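Just below is one structure, and these are the notes that go with it.
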Amino acid sequence: MTLRTKKLHYYIKKTGGRNNTGRITIRHRGSGHKRIYRPLEYYNQGHSFLLSGIINRIEYDPNRNTYLAECINNDKTFYKLLGGKELIKEKLIGTEIKVVKLKDVGIGEEVYNVSLRSGQTGKIGRASGTRCKIMKQTDKQTVIRLPSHEVKTLSNQNTCIIGGVIEKPKGIIGKAGRNRWKGIRPTVRGFAMNPIDHPNGGKTRGGEPKTPWGKLAKWVPTRKSKQVRV
């Protein structure tokens, strides 16, 4: 039976594109499915930063482009760490996500969730599908190649996880309802509106393209405009 803790999950309150006065400041936002936020925990009080755990199950996260692993350690406390190399539940469940130091990783291996300084949590290589590669090691320093192909020199005492972040497969939208699930409302062209709703509305009206608030959308040269020579 899986142990559950309420602190691991909480709902994100949506604004619907409105500010503190209730006015719409961002158009085409609203509704959408409820989202549960799962905070990532890299360490707990009383523990070191070398926080490892055994994968209990793999969870879908609507707020990230990767899957999360629900881990458990000897204290029976759960944390969330980014997933491993490949998404095969039968292979990943029951295995250990181990946080190690850079000095314990061999040259040529791929790592992710790398810390910038000793004693800090992971900062590098946490996005979907990213990973860093160990290029060179000395007695005190390690040279890694970032996902941006930048080469960076870090201390051997920095922490990391062997492997790479799982990339969530991208599916086609397929229908308008999938955008509504994300909280994206329909966008209607101003040309297709009525004159009362938009300056470009009314298909018999002409003029320059304007914004919904009546301002020019782009500069259109007229006879009165003067050409300035540089």
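In sequence order, the range 21-28 has phi-based couplings of 8, x, 8, 6, 10, 10, 7, 6 Hz under the Karplus curve 6.51 cos²θ - 1.76 cosθ + 1.60, θ = phi - 60°, and Gly or Pro positions carry x. Rounded to the nearest Hz, the phi-derived 3J(HN,Hα) couplings of the range 58-72 under the Karplus curve 6.51 cos²θ - 1.76 cosθ + 1.60 (θ = phi - 60°) are 10, 10, 7, 10, x, 9, 9, 8, 8, 8, 10, 10, 8, 10, 9, where x marks glycine and proline. Amide H to amide H distances under 5 Å link R57 with E70, where only residues 5 or more positions off or on other chains count and H is placed in the peptide plane. Taking amide H atoms as placed 1.01 Å from N in the peptide plane, the amide H of A217 lies under 5 Å from those of K210, T211, each 5 or more residues away in sequence or on another chain.
Whole percent per 5 Å bin, from 0 to the bin with the longest distance: what is P(r) over all C-alpha pairs of the range 98-176? Each 5 Å bin holds this share of Cα pairs: 3, 17, 28, 23, 11, 5, 4, 4, 3, 2, 0, 0. In this structure, the residue pairs whose Cα-Cα separation is over 28 Å, taken from K14/K203; K34/K133; K98/K168; K91/K152, are K14/K203; K34/K133; K91/K152.
Each reported figure results from applying straightforward, stated rules to the coordinates on display, with no laboratory input. These numbers were taken from a predicted model, which means no experiment stands behind them.
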